[in-house]
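One structure is given here, and the rest of the page talks about it.
The values are calculated or read from the model by the stated rules, or taken from the named source; none is laboratory data. Owing to the predicted nature of the structure, the values given are computational and were not obtained by experimental measurement. Cβ placement follows ideal geometry from the backbone for every residue including glycine, while neighbour counts extend to all protein chains displayed. Please note that ligands, DNA and RNA were not included when accessible areas were found on the heavy atoms of the full protein model with its side chains. Shrake-Rupley method; radii C 1.70, N 1.55, O 1.52, S 1.80 Å.
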Amino acid sequence: MDVRNRLMHPRRLKDLTVPEAEVEAGSRASAWISGKHAELQELAIDKIAYDLGMTAEELREFRHKRSH
């Protein structure tokens, strides 16, 4: 949040400089969020599938078809 605030509300020109370490940290954070979002989507699909009466085998087949 500190980096975001510094870039969105700069007080001096130096505040607009983004060191490589901050870029890398932002990239790691973005990848983590994307991964967690994908996990949540899979859990939601599992819940919907089971609520609709899909068996574990049917869900495996469904996942296999989605991945190809």
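Per-structure values
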item	result
Options LEU52, LEU7, LEU16, LEU40; residue that is touching an Asp or Glu at 6+ places or on another chain (Cβ under 9 Å) and without any contact (Cβ under 8 Å) to a residue 60 or more places away in the chain	LEU7
Residues of region 47-56 that turn out to be open to solvent by 90 Å² or more (accessible area, probe 1.4 Å) and of a type outside the set (Ser, Thr, Tyr), as a count	4
